[in-house]
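J.: First the structure, then my questions, so here it is.
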Amino acid sequence: MLILSSFIRVFLFCCFLSSSFSWAQDQAAQESGPNVPVGMQVVQVTGGYRLLVPQGAKIRRVGAQVIVEDDKEYFSRRFYELSQEIEDLKSQIKQLQDLVVELQKKANREDGKAP
């Protein structure tokens, strides 16, 4: 089971690398008709080349090297960002629920005065 899990991680990592590095295209080929797959984006790199990377992937330059964050960094960062967004949504839902309860109480008080 552990070997299978390691194999899957290595396979996914290889897929990630191949999708981000092997798709480097020169500017002439990119201008002739970009076919950008869903979930990917084109990033301009020095030397007139463009790099096809996953959307939202962090890219840094060290000298002449262009380094795309690896899968562990990408997934952990995205997980953290999504968990923060979920927490924000939970607080917004709580505020809206409190507002609904307050409006229901106000409506009940108004119904009592109306007759």
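Laboratory data are not the source of any read-out in this text; all were calculated from the coordinates shown. Computed from a predicted model, the values in this text were never measured in an experiment. Quick reminder, even Gly has a Cβ in these numbers, built from the backbone with ideal geometry, and neighbours come from all protein chains shown.
J.: Residue-wise, which Karplus ³J(HN,Hα) couplings in Hz belong to region 79-87, taking 6.51 cos²θ - 1.76 cosθ + 1.60, θ = phi - 60°, and x for glycine or proline?
T.: Going residue by residue, I get 4, 5, 4, 5, 5, 5, 5, 5, 4 Hz, with x marking Gly and Pro.
J.: So what J values fall out for region 53-68 if you push phi through Karplus, 6.51 cos²θ - 1.76 cosθ + 1.60 with θ = phi - 60°, rounded to Hz, Gly and Pro as x?
T.: Whole-Hz 3J(HN,Hα) from phi for region 53-68: 10, x, 4, x, 6, 7, 10, 10, 10, 10, x, 8, 7, 10, 10, 9.
J.: Taking θ = phi - 60°, what integer Hz values does the Karplus form 6.51 cos²θ - 1.76 cosθ + 1.60 yield along region 42-48, in sequence order, with x for Gly and Pro?
T.: 3J(HN,Hα) across region 42-48, in whole Hz: 9, 10, 6, 10, 4, x, x.
J.: Nearest 20 debye, what's the magnitude of the dipole of region 70-115 about its Cα centre given +1 on Lys and Arg Cβ and -1 on Asp and Glu Cβ? Could you put the intermediate results ahead of the total?
T.: Details: 9 positive and 11 negative charges, 84 e Å.
So the dipole magnitude of region 70-115 works out to roughly 400 debye.
J.: Starting from the alpha-carbon convex hull of region 70-115, give the projected area averaged over all orientations, in nm².
T.: Working: hull surface 12.0 nm².
Over all viewing directions, region 70-115 projects a mean Cα-hull area of 3.0 nm².
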